[in-house]
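Taken together, the values in this text are just the output of simple stated rules run on the coordinates, not laboratory data. Source: prediction; values computed, not measured. In this analysis, Cβ positions are derived from the backbone assuming ideal geometry, glycine residues included, and neighbour counts consider all displayed protein chains.
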Amino acid sequence: MQNRIVIDKEAVIRHRPTEIIEHWLLALSGLFLIFSGFGELPMYKRYMVTQIPGLGWAGDFFINLKIHYLAGIVFVSVMIFHALYHGWLGHRGLMPRRGDLKASVITLLSIFGFGEEPKSHKYLPEQRLAYAYLGAVGLILVLTGLVKVIKNLPGVSISPVWITSMTLIHTFATIFFLLGVLAHLAALIFKVNRPLVKSIFTGRVDLGYVQDRHTIWYDELRETNPIEKEKARVEVAADAGHEEGPKPPMCEGGNEIQARKEENTMASTIKVKGMSCQHCVMSVKKALSQLEGIQNVEVDLQKGEVRFDTTKQVTSDTIEKAILDAGYQVVQC
């Protein structure tokens, strides 16, 4: 199934059901591995975790060992399936690319209002780096874990130095894996990343979010989607027709909204104060897009301008209130 735009629900299919199942199996088995791994150490009794209602079993080494083995089987199985399945289909979207580190720094700075976020494909550069990091650490955990299992088999003799080395590497890899998971979750502190949460459950992400942050991917989707391709062709033709006619003044009759009537729509431009980053852009676009009769909202961050089309009469007071509720202010001409 190819990624496609769901026209009626204004959403984009980002993840297949197979990918959603993979994600949750890896996430849950990984958490069980971390919890049971630390449970094999004399930690939970010492720090009174076993005193928490329902966790009295957490101090039992053999229970944690069984959980660790079962979670490990699931974790390794999903990793092998992931590599074979996506390798066979030729999926390369999450593989790191040259310049991802620099792009990630620029993206992070843009969230704090410094500069503009670079255009992105289906996956952001920081997502590709996180994928490589967790994949590499996960592989180390699997390999060192296998050595720890094999040493317990009858008739197997492994050097104590080798076993100690593998155990230490496995322990440190567990810590780095836990840090990676925490960093992955910490990304949700930034409001700009939260629309992606829904996609992990439903496989779909809002179309407006894709247009804002995944511009390159959105353009590719429009090229492969017949309806969207035709829609884009019509929009380009309409824009060309607009350029031929005279342009009205920005603030005609004391109104801050520039408008011209084209068939059943009117194109408008307003000045908005307070926008400083891509999060601001998304907030303003969302606020206006939710108003009935407004569509095709575009934001020029450098100029502080917002352009949109209205399909029905929308008063300037309604627009100002929506902008104000979002935390910004319309500049009166």
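Pairwise alpha-carbon distances in segment 31-169 exceed 26 Å for 48% of all pairs.
Assuming R0 = 51 Å, can you tell me the calculated FRET efficiency for the pair residue 290 and residue 63, based on Cβ-Cβ distance, to the nearest 0.05?
Numbers: r = 51 Å, r/R0 = 0.99.
Efficiency, from the Cβ-Cβ distance: 0.50.
Shown in residue order for segment 56-72 are the 3J(HN,Hα) couplings computed by the Karplus curve 6.51 cos²θ - 1.76 cosθ + 1.60 at θ = phi - 60°: x, 6, 4, x, 8, 4, 6, 5, 5, 5, 5, 4, 5, 5, 5, 5, x Hz (x for Gly and Pro).
Coupling constants for segment 96-107 follow from the phi torsions by the Karplus curve (6.51 cos²θ - 1.76 cosθ + 1.60, θ = phi - 60°), and in residue order they are x, 10, 5, x, 5, 5, 5, 5, 5, 5, 4, 4 Hz; glycine and proline get x. With the largest listed first and rounded to whole Å, the semi-axes of the equivalent ellipsoid of segment 1-104 from the Cα gyration tensor are 37, 17, 16.
Based only on other Cβ atoms within 10 Å, what is the fewest-to-most ordering of 77, 268?
Values: 77 12, 268 21.
Ordered by Cβ neighbours within 10 Å, fewest first: 77, 268.
Separation of segment 147-199 from segment 83-136 is 21 Å, based on Cα centroids. Counting only Cβ charges, +1 for Lys and Arg and -1 for Asp and Glu, the dipole size of segment 109-235 around its Cα centre is about 420 debye. Between residue 168 and residue 316, residue separation times 0.36 nm minus the direct Cα-Cα distance comes to 46.7 nm.
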